[in-house]
Amino acid sequence: MRRELTALTVVFLSLTGCGSAPVAQPPPASTTPVTHTPTTTATPTPTTTAAPTPPPTSRSRNPNPPAPPSNRIRDCFDGDCTLLLAKPATIPLDAGKFHYSSLRVTAISADSLAISVRYRQGGGAQSSIGPGLGGASFGFRGSPSIEVGLTQVGGKPALVLQPGAVT
C-alpha cells in the first residue's frame, strides 16, 4: 500500500506542477471585443484635370481690394496704390515703414512689369511679373512687405502695390 501511495503522490505532484518546470499560462482574455471587417479593393476613381487657370494679374496674396486707380506717383508712398503708368518711373516709399525708400519700375507694358529695389546696405533685387508670371513681393525683416502686381485699367497697364504681412 505504501508503494501505491508513493506512486499516487508522484502523479498528484506532477499534475499540480510541484517539482516540475512552470507551465505556460495562456494570455488573459481581452475585455474589448475584436471585430474583423472584410477588406475590399476599391476601384480607382478616374481623375480629371481642368485646364490651368492663369494667375491673377494683381496680387492674390492680399485679400484686400486694390486702391482706386490714380495717375499720381505720390499716392504710392504708403505702399497702397493702383498707378497708371505709360513708362518707367521711380516710386517713393515710406522708408520708416517699409525699410526701402523707393521702388523702380524699369519696364511696363500690357503684358509685363519689371521692377527693381535697391537695398540700403548695397545691392538689390529685380523681378518681372505679368500673366503667367504671377506677382512679386519684397520686404525687410520686421517691416511689412510690399506686394506688387500688374493690372489693366481702361485697357492701360497699371502697377498695383499693397502692404503685406510683416516679414
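The values are calculated or read from the model by the stated rules, or taken from the named source; none is laboratory data. All figures in this text were calculated on a predicted structure; none of them were measured in a lab. Quick reminder, even Gly has a Cβ in these numbers, built from the backbone with ideal geometry, and neighbours come from all protein chains shown. Quick note on the areas: whole protein, heavy atoms, side chains included, nothing else; ligands and nucleic acids left out. Shrake-Rupley method; radii C 1.70, N 1.55, O 1.52, S 1.80 Å.
Each residue in segment 115-133 was checked for being surrounded by fewer than 18 Cβ atoms within 10 Å (Cβ to Cβ) and either over 26 Å from the mean Cα position of the chain (by Cα) or not in a loop (DSSP other than H, G, I, E, B) (or both), and 12 pass.
Restricted to segment 71-94, and to residues there that are of a type in the set (S, T, N, Q) and within 33 Å of the chain's Cα centre (by Cα), the residue that is nearest to Leu159 (Cα to Cα) is Thr82. Pairing residues of segment 113-134 that are more than 16 Å from Ser145 (Cβ to Cβ) with residues that are β-branched (Val, Ile, Thr) and not in a strand (DSSP E or B), at Cβ distances under 8 Å and at least 6 apart in sequence or on separate chains, gives Gly130/Thr57; Pro131/Thr57. When the test is whether a residue is in a strand (DSSP E or B), surrounded by fewer than 13 Cβ atoms within 10 Å (Cβ to Cβ) and modelled with pLDDT of 90 or more, Ala158 does not pass it. Can you spot a residue in segment 90-97 that is out of contact with any helix residue (DSSP H, G or I) (no Cβ under 9 Å at 6 or more places or on another chain) and assigned to a strand (DSSP E or B)? No, segment 90-97 contains no residue that is out of contact with any helix residue (DSSP H, G or I) (no Cβ under 9 Å at 6 or more places or on another chain) and assigned to a strand (DSSP E or B). Of everything listed in (1) under 17 Å from Pro65 (Cα atoms); (2) touching a Ser or Thr at 6+ places or on another chain (Cβ under 6 Å); (3) open to solvent by less than 40 Å² (accessible area, probe 1.4 Å); (4) of a type in the set (S, T, N, Q), the single unmet condition for Thr82 is (2). Summed over segment 98-112, the residues that are more than 15 Å from Leu150 (Cα to Cα) and either part of a helix (DSSP H, G or I) or without any contact (Cβ under 8 Å) to a residue 40 or more places away in the chain (or both) give a count of 3.
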